[in-house]
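A quick write-up on the structure given underneath.
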Amino acid sequence: MSVLIAPSILSADFAALGDAVARVEAAGADLIHVDVMDGHFVPNITIGPPVVRSLKRVAKTPLDVHLMIEEPDRYLDAFAEAGAAMISVHVEVLPHLHRTVHAIKALGVKAGVVLNPSTPVVAIEEIAGDVDFVLVMSVNPGFGGQTFITRSESKVREIRALLDRTGNHQAAVEIDGGIDLHTAPRVVAAGARILVAGSAIFKTADPAKALRDLRAAAERALPASPVR
Ligand code: DX5
Ligand code: ZN
C-alpha cells in the first residue's frame, strides 16, 4: 500500500469549504478528512451531517469522517447517508465497540477505530481483526495546529504489528495530529499509510504545494520493496 494523504478541512476556511476541497483534490489528495466534534467528548464544536452532505456533492475523493463525539451509534446512519466513505469512532466512548464497528460496516462504510494519545494499544486487541483501519491520535483531539506527541511513532509500530498478528494485513494505520514534513517520514517508516494533515496543508500560502511536498516526504520513507 502506498501512502494516502488526507487533508483535514478543520484548518480550512469554513466559508469556502468547496474551494478548499477542490484545491487539494487538484493537488492529488486521496481522501478528505472531516472532523466532527460535539463539545462533550472534545472541547470544540465543528460540523455535522448536513455539512458532510454538502461536501459529498463537491468532493471527488472519499470522505473520511472522524467522529469525536459521545454516543456515535446514534449518528452512524446520518453520516453514512450524508456520504461518508469511512467512519472512525473513538474507543474511549464505546463499551460495545464490536457492535459499533459491525454497524458501520453494515452501512457499507469502512470502519475505523481511534485511540487517544493516552489510550493503550491493548484497548483494540479484540477488535483488531475486524476493522478496516485504525486511527492513531498523535495529539489530544479537539484542535488543529498542535504539536506531535512523539510516543505516537512507536504506537503506530505496535498497532501495525497487532493488525499483522491478527492476519488483518489489509487494514491501514492512519495518523492524525501534528503531521508535517518532519513527522510524516517518521510515521510512514513506523507503518502509517494514511496521513491526516490540517495546518501543514491549509495554513500555508500554497496548500497545493504543501500537499505535494508532504506526499514526497512521506513516500521517500516507504520501504524499498513494499510488503503491503
Ligand atoms: C484534531 C483533528 C485533526 C486536526 C489535525 O482533533 O482530529 O484532524 O485537523 O490538525 P493538524 O494537522 O493541524 O494537527
Ligand atoms: Zn481528525
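The values are calculated or read from the model by the stated rules, or taken from the named source; none is laboratory data. Bear in mind that the values here come from a model prediction, so they are computed numbers and not experimental data. Positions of Cβ are backbone-derived with ideal geometry, glycine not excepted, and every protein chain shown enters the neighbour counts. Note: accessible area is taken over every heavy atom of the protein model, side chains too, but ligands, DNA and RNA are not part of it. Shrake-Rupley method; radii C 1.70, N 1.55, O 1.52, S 1.80 Å.
Brief remarks follow.
- Put simply, of Ala171, Ala221, Ala190 the only residue that is open to solvent by 20 Å² or more (accessible area, probe 1.4 Å), more than 13 Å from ligand 1 (Cβ to nearest atom), more than 24 Å from Arg23 (Cα to Cα) and in contact (Cβ under 8 Å) with a residue 12 or more places away in the chain is Ala221.
- The residues of region 52-102 that are among the β-branched types (Val, Ile, Thr), over 16 Å from Val36 (Cα atoms) and not in a helix (DSSP H, G or I) amount to a single one, Thr61.
- The residue of region 1-23 that is farthest from ligand 1 (Cβ to nearest atom), among those that are closer than 12 Å to Val196 by Cβ and in contact with a helix residue (DSSP H, G or I) (Cβ under 7 Å, 6 or more places away or on another chain), is Val3.
- Considering region 31-90, and only residues there that are hydroxyl-bearing (Ser, Thr, Tyr) and open to solvent by 50 Å² or more (accessible area, probe 1.4 Å), the residue that is nearest to Val196 (Cα to Cα) turns out to be Ser54.
- Tallying residues that are among the β-branched types (Val, Ile, Thr), out of contact with any Asp or Glu (no Cβ under 9 Å at 6 or more places or on another chain) and part of a helix (DSSP H, G or I) within region 1-51 yields 3.
- Test: residue in region 14-25 that is in contact with a Pro (Cβ under 8 Å, 6 or more places away or on another chain), open to solvent by less than 30 Å² (accessible area, probe 1.4 Å), in contact (Cβ under 8 Å) with a residue 12 or more places away in the chain and farther than 18 Å from Ile87 by Cα: yes
- Residues within region 122-147 that are of a type in the set (A, V, I, L, M) and either within 12 Å of ligand 1 (Cβ to nearest atom) or over 17 Å from the mean Cα position of the chain (by Cα) (or both), tallied: 7
- Just so you know, in region 176-187 the residues that are hydrophobic (A, V, I, L, M, F, W, C) and under 14 Å from Pro7 (Cβ atoms) include one that is nearest to ligand 1 (Cβ to nearest atom), and it is Ile179.
- Test result for Thr100, among the hydroxyl-bearing types (Ser, Thr, Tyr) and surrounded by fewer than 19 Cβ atoms within 10 Å (Cβ to Cβ): no
- The residues of region 21-47 that are small (Gly, Ala, Ser) and away from ligand 2 (no atom under 15 Å from the Cβ), listed by number, are Ala22, Ala26, Ala27, Gly28, Gly39.
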